[in-house]
1. Sort out which residues of the range 136-161 are open to solvent by less than 60 Å² (accessible area, probe 1.4 Å) and of a type outside the set (Gly, Ala, Ser), and write them in order of number.
2. Does the range 125-135 include one or more residues that are within 14 Å of GLU91 (Cβ to Cβ) and surrounded by fewer than 13 Cβ atoms within 10 Å (Cβ to Cβ)?
3. Can you name the residue in the range 71-91 that is part of a loop (DSSP other than H, G, I, E, B) and touching a residue at least 60 places away in the same chain (Cβ under 8 Å) and is also nearest to the chain's Cα centre (by Cα) among such residues?
4. Which pairs do you get when a residue that is open to solvent by 20 Å² or more (accessible area, probe 1.4 Å), found in the range 162-181, comes within reach of a residue that is modelled with pLDDT under 90 and among the aliphatic types (A, V, I, L, M), reach meaning Cβ atoms under 8 angstrom, with the pair 6+ apart or on two chains?
5. All but one of (1) touching a residue at least 24 places away in the same chain (Cβ under 8 Å); (2) surrounded by 13 or more Cβ atoms within 10 Å (Cβ to Cβ); (3) of a type in the set (A, V, I, L, M, F, W, C) hold for LEU64, so report the exception by its number.
6. Within the range 135-177, restricting attention to residues that are modelled with pLDDT of 90 or more and over 23 Å from the mean Cα position of the chain (by Cα), which residue is farthest from LEU40 (Cα to Cα)?
7. Which one of GLY102, GLY47, GLY74, GLY53 is in contact with a Phe, Trp or Tyr (Cβ under 9 Å, 6 or more places away or on another chain), on the phi > 0 side of the Ramachandran plot and either among the hydrophobic types (A, V, I, L, M, F, W, C) or at pLDDT 90 or above (or both)?
8. Go through (1) loosely packed, with under 14 Cβ neighbours inside 10 Å; (2) under 24 Å from the mean Cα position of the chain (by Cα); (3) on the phi > 0 side of the Ramachandran plot one by one and return the number of the condition GLY94 breaks.
Amino acid sequence: MLDFDIEADDLERVSKELGATTKEIRTSYNRALTRTAATLRKLSSKGLQSHLGLARAAAVRRRLKTLRIKRQGGMNEVRLWYGLNDLPVSEFKGRITASRTGGASYSGPAGTESFPKGWGGTSRFARKRTILERVRESRLPIREAQMPVKDRADVFVEDEIFWKLNEIFWRHFRTDLERRVNYLRAEA
């Protein structure tokens, strides 16, 4: 979960510079938070798709959630949550091969992973080639093999996304506040 703090002094400095009222600051702040969250979701889904070697961005988009927390006084809070559980092998680009000693392996942009009790098959849900494994020693049930993504995704989010957060927020806040002060006051 990404959290960052905004200094009240910086908000006051920008508002004095532009001559904004408290209501304009509050609405610009909330809108900038929403837009920042949307921008970070877009950057995260596209970046994680290529970084993890996923076939589709939908696998990441389903796991990104924006949580909006309303506060008294009008200054809301937004959190971006990343669901970084293991993903099924069928979500990754790459090749699935059966080994001669039994088992199956995956190799592709996400790295190489071997599944000693697995075999190549077709996923029931994705209708794509994947690796299936038995849950118990008996014949059924079977499940699709999963690959871990948490470590690589955490590194990507911290290195590529998190450091852009302040810059994105202040750009959205400043442009929204400038437009509110210049255009909305001119109409009234």
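1. Listed by number, the residues that qualify are PRO141, GLU144, MET147, VAL149, ASP154, PHE156, VAL157, ILE161.
2. yes
3. So, considering only residues that are part of a loop (DSSP other than H, G, I, E, B) and touching a residue at least 60 places away in the same chain (Cβ under 8 Å), the one nearest to the chain's Cα centre (by Cα) is LEU84.
4. Cβ pairs passing all conditions: PHE162/LEU2; ARG174/VAL14; GLU178/LEU18; ARG180/ALA20.
5. Of everything listed in (1) touching a residue at least 24 places away in the same chain (Cβ under 8 Å); (2) surrounded by 13 or more Cβ atoms within 10 Å (Cβ to Cβ); (3) of a type in the set (A, V, I, L, M, F, W, C), LEU64 misses just condition (1).
6. That would be PRO141.
7. After applying the criteria, what remains is GLY53.
8. Only one criterion in (1) loosely packed, with under 14 Cβ neighbours inside 10 Å; (2) under 24 Å from the mean Cα position of the chain (by Cα); (3) on the phi > 0 side of the Ramachandran plot is unmet by GLY94, namely (1).
The values are calculated or read from the model by the stated rules, or taken from the named source; none is laboratory data. This one's a predicted model, so the numbers in the text were calculated from it and none came from an experiment. So basically every Cβ, Gly included, is an ideal-geometry build from the backbone, and we count neighbours across all protein chains shown. Side chains are part of the model used for accessible areas, which takes the heavy atoms of the whole protein and leaves out ligands, DNA and RNA. Shrake-Rupley method; radii C 1.70, N 1.55, O 1.52, S 1.80 Å.
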